[in-house]
Each structure stands twice: as C-alpha cells, then as structure tokens.
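Encoded as structure tokens, the structure appears first; notes follow it.
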Amino acid sequence: MNNLKKIVSNIIENKTTCVFVSPHLDDAIFSAGGLILELAGKTEVTIATIFTKAETSQHTLSAKNFLKISGHKGASMELFYIRKKEDILACKMAGADFKHLEFTDALWRKKEKIGLLGKAFKNIFPETNHLYPFYRFNVISGKVVKEDSAAISTIKDKLISLVGEMSNVVIFCPIGAGNHVDHIIVRDICAEIFPRAIFWADFPYNLNFKPDSNFISKMSLSPCVWNKNLQRKKDLILEYKTQIKNIAPVIIGDPSVLQEIFYTARHINL
C-alpha cells in the first residue's frame, strides 16, 4: 500500500474532514476529482476556492483573450457567475461542499497605487494598472509581486478561520506545476499554515510542466499516483463548459491523462 492509499484509508476510518483549497473554479476537480469522489460520502469534503472574482473594467489584452476563449467576450462578471454555477454543480455531483472566497483572479488584480504615467494611460493601455498585465510573462511566471502581500495576508486569515471551525482536518492544495501565480500563492500559504498539507499536481499544467524540485526537496515530499474514479472525474470536468475548450479533446481521446499525482510528506501522520 503506497503512502497515499494508507492516508486515504486512515481518513475514511477516522472520518477526517478534508478541505481541498482550490485556486480557481475548476482546479480541485481537474486535479483531484478522482480522490474527491473517493472521499465524498465517506467523510466530509469541502472545496474552498480562493480566486472566484473578476473586475468589470479596463481589461488587459490577456484578460480579453481569456474571455474570448471562455466564450464571453467582454462580459467578465457574467463569465464568473457562470463559472460559479458550473463549480457548484460539479461539487454537488461529486458529493462535496463548496465555499467561494471571492478574491480577484490574477488577470484582473489591479495596483493600489499607480504613477502619473499609469494614470494617464490606464484607459488606453490597461496593462499599466494591473499587477499581472501579461499572461505569458506575468501570470505564469511563478513570480508573486510584493503588491499582493495584503491580499495574501487576508487569504491566510480566511483559511485559518475556515479550517479553525473544523476539527480533525487534512488540507489538499496545488503544488504549483505550471507556475501560475495564483497556484503558487495558494501552495505557499498552505505550506506555511498547514504543516500536514498534501499537494496535488496541477492539471492540465502537469501534462507539460514539472513542479518545482526545490519546493519538493524543502518539504520532503514524495509522489503518489491515484487512478481510481477517472471516468466519473471526466464527467465532472465536462461540467466546466467555459473552461474545457482546449482540454476536452485530450481527456476524451485519452482518459488516462486524468490520473492524479499527489505529493505527501515522507513521515506524514494522519
């Protein structure tokens, strides 16, 4: 029995509450849906999603492209309303509770203070007013900007408050494969405040990117594979209709790509 199977067996036997801390409105199901399906109904499972909000004005080119791919040109609030409905349905289908913590997605996070040039050009060139103006160079750079520190502190407080209301709990969260800054923020927060956290490989990023080996070494993590409930997991993923344009052909053509990889501390005791 590998370490993950032993952990899952102990979770079920002890009725340990499980909280999956998801950066966005799909990440937990995409990356850990098979395990969630295994645990739900046998113990209490909650998916707590951090970044569930967008802004309505001054979209960067990267944000506009995201809206276009999602099928909602210019209508960011409408898109996130639909994404929340998709997530609620998928969570209910999986048998998990859900909590949307209403922090702003990286593509829409704006600077608290901007210079004179920024003020002059923000309506013409909105990138000057955003913390992560370009998807390729900023959002998936893995580099969290200092101006995010206040939001990060508030997220920590929210998660501590959420989990503090529970007893006998284990946390699951992303390992940050792909270097999306929102995923890195969630990973680092969970690593700091939840010493027994278990990390999942971020799908679909993990198909092309490996997690940070330095982080794995620092946390003394070992990988474990979970490959149960993959067909049911595919059905859950397909509920996120605004987000599956690029990955639907992949998972339909080869469902084995949906197998999950988790990273656990070598001496974790649950």
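The values are calculated or read from the model by the stated rules, or taken from the named source; none is laboratory data. Here the structure is a predicted model, which means the values were calculated and not measured. Virtual Cβ from ideal backbone geometry, glycine too; neighbours counted across all protein chains shown.
Key figures
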read-out: Members of region 49-90 that are in contact with an Asp or Glu (Cβ under 9 Å, 6 or more places away or on another chain) and within 30 Å of I11 (Cβ to Cβ); value: T49, I50, F51, T52, R83, E86, D87, L89, A90
read-out: Region 168-199, subset of a type in the set (V, I, T) and part of a helix (DSSP H, G or I), residue nearest to the chain's Cα centre (by Cα); value: V186
read-out: Residue tally, condition in contact with a Ser or Thr (Cβ under 9 Å, 6 or more places away or on another chain) and either modelled with pLDDT of 95 or more or crowded, with 16+ Cβ neighbours inside 10 Å (or both), over region 119-135; value: 9
read-out: Top-ranked residue in region 229-250 [being aliphatic (A, V, I, L, M) and over 25 Å from Y81 (Cα atoms); ranked as surrounded by the most Cβ atoms within 10 Å (Cβ to Cβ)]; value: L230
read-out: Meets criteria (under 30 Å from T43 (Cα atoms), of a type in the set (A, V, I, L, M, F, W, C) and at pLDDT 95 or above) for I155; value: yes
read-out: Members of region 59-85 found to be charged (D, E, K, R) and modelled with pLDDT under 95, listed by number; value: K64, K68, K73, E78
read-out: Cross-chain or 6+ apart pairs with Cβ under 9 Å, region 88-111 first and within 16 Å of R232 (Cα to Cα), then among the small types (G, A, S) and at pLDDT below 95; value: G95/G41
read-out: Unmet requirement for T56, which otherwise passes all of (1) assigned to a loop (DSSP other than H, G, I, E, B); (2) at pLDDT 95 or above; value: (2)
read-out: Matching residues, region 87-103, being crowded, with 21+ Cβ neighbours inside 10 Å and out of contact with any strand residue (DSSP E or B) (no Cβ under 7 Å at 6 or more places or on another chain); value: A90
read-out: Candidate set: region 44-74, residues that are among the hydroxyl-bearing types (S, T, Y) and surrounded by fewer than 17 Cβ atoms within 10 Å (Cβ to Cβ); chosen: the one farthest from Q231 (Cα to Cα); value: S57
read-out: Unique residue being modelled with pLDDT of 95 or more and within 14 Å of H100 (Cβ to Cβ) when the list is I11, I47; value: I47
read-out: Condition broken by K99, with the remaining ones in (1) in a helix (DSSP H, G or I); (2) closer than 27 Å to S149 by Cα satisfied; value: (1)
read-out: Conditions (1) more than 24 Å from T264 (Cα to Cα); (2) surrounded by fewer than 19 Cβ atoms within 10 Å (Cβ to Cβ); (3) within 19 Å of the chain's Cα centre (by Cα); number of the one not met by E147; value: (3)
read-out: Test result for D202, touching a residue at least 40 places away in the same chain (Cβ under 8 Å), assigned to a loop (DSSP other than H, G, I, E, B) and buried (at least 21 other Cβ atoms within 10 Å of the Cβ); value: yes
